[in-house]
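As structure tokens, the structure follows; a few thoughts come after it.
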């Protein structure tokens, strides 16, 4: 497992974030770094040079979240980096939304069950495993967990597959259960459900959905990053068990 450091660790508040190399993850790293947080991230590859945030305390651990041993090693290494220091935020951002080779939506009838298992492993079980693995550090920091769900977890989506949608619905339910249990540790648990956000995961056909979005535009990764930051900050100190839909109003239809 590889690691590199972009700057010395000097900040008091620390966040761990998965899926950090692009899109919402990259925007979230920028948001926390701009506020002076120490950021520990993971993804399958090293962070591309264009995603590095100069001058910020940032440590990246190369991790394959689809591999149980790699996840366990990530938890161990990140906890070693923390030592006795508190963890103030855990953002479960990494997600998987497989398509057919023709970019067709995978539904209940045409998706292999192994694909379903892979989606649930990354989208549902990994957030649970990480929350448990960092529970002690989060307790020390009276921190917050933010699970990234999706508008697809609340309604049938024209492009998101059935496995992805149901895994995100399950993560929404898990957020509620975790909020009740982690409160005993002084840890808040919330979720952010993005709508149509301009990232590599977005289907080209999503432009057709803009007329059904009251704000009449696709979302930007920074729109989601702002909601994530709010839920980790002291401004949301009395907020737990909540899911913020960052959809431009799409969910009201």
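The values are calculated or read from the model by the stated rules, or taken from the named source; none is laboratory data. Predicted model only: the values in this text are computed from it and were never measured. FYI the Cβ positions are ideal-geometry reconstructions off the backbone, even for glycines, and counts take in every protein chain you see.
Just one of (1) touching a strand residue (DSSP E or B) at 6+ places or on another chain (Cβ under 7 Å); (2) part of a helix (DSSP H, G or I) fails for residue 248. It is (2). Of all the listed residues (62, 29), the sole one being within 22 Å of residue 199 (Cβ to Cβ), in contact with a strand residue (DSSP E or B) (Cβ under 6 Å, 6 or more places away or on another chain), surrounded by 14 or more Cβ atoms within 10 Å (Cβ to Cβ) and at pLDDT 85 or above is 29. Taking the stretch 65-90 as the range and being touching a strand residue (DSSP E or B) at 6+ places or on another chain (Cβ under 6 Å) and part of a loop (DSSP other than H, G, I, E, B) as the test, the residues that pass are 87, 88.
For the stretch 109-148, give me every one of the helices (runs of 4 or more DSSP H) that falls completely inside it and has 3 or more residues that are at pLDDT 95 or above, within 22 Å of residue 73 (Cα to Cα) and touching a strand residue (DSSP E or B) at 6+ places or on another chain (Cβ under 8 Å).
Values: elements: 113-120, 126-133, 135-141.
Of the helices (runs of 4 or more DSSP H) lying wholly inside the stretch 109-148, those with at least 3 residues that are at pLDDT 95 or above, within 22 Å of residue 73 (Cα to Cα) and touching a strand residue (DSSP E or B) at 6+ places or on another chain (Cβ under 8 Å) span 126-133.
Residues that are over 22 Å from residue 197 (Cβ atoms) and either in a loop (DSSP other than H, G, I, E, B) or in contact with a helix residue (DSSP H, G or I) (Cβ under 6 Å, 6 or more places away or on another chain) (or both) were ranked within the stretch 38-51; the one that is modelled with the highest pLDDT is 40. Pairs meeting the criteria (first residue in the stretch 16-39 and in contact (Cβ under 8 Å) with a residue 12 or more places away in the chain and on the phi > 0 side of the Ramachandran plot, second residue surrounded by fewer than 24 Cβ atoms within 10 Å (Cβ to Cβ) and assigned to a helix (DSSP H, G or I), beta carbons under 9 Å, at least 6 apart or on different chains) are 23/221.
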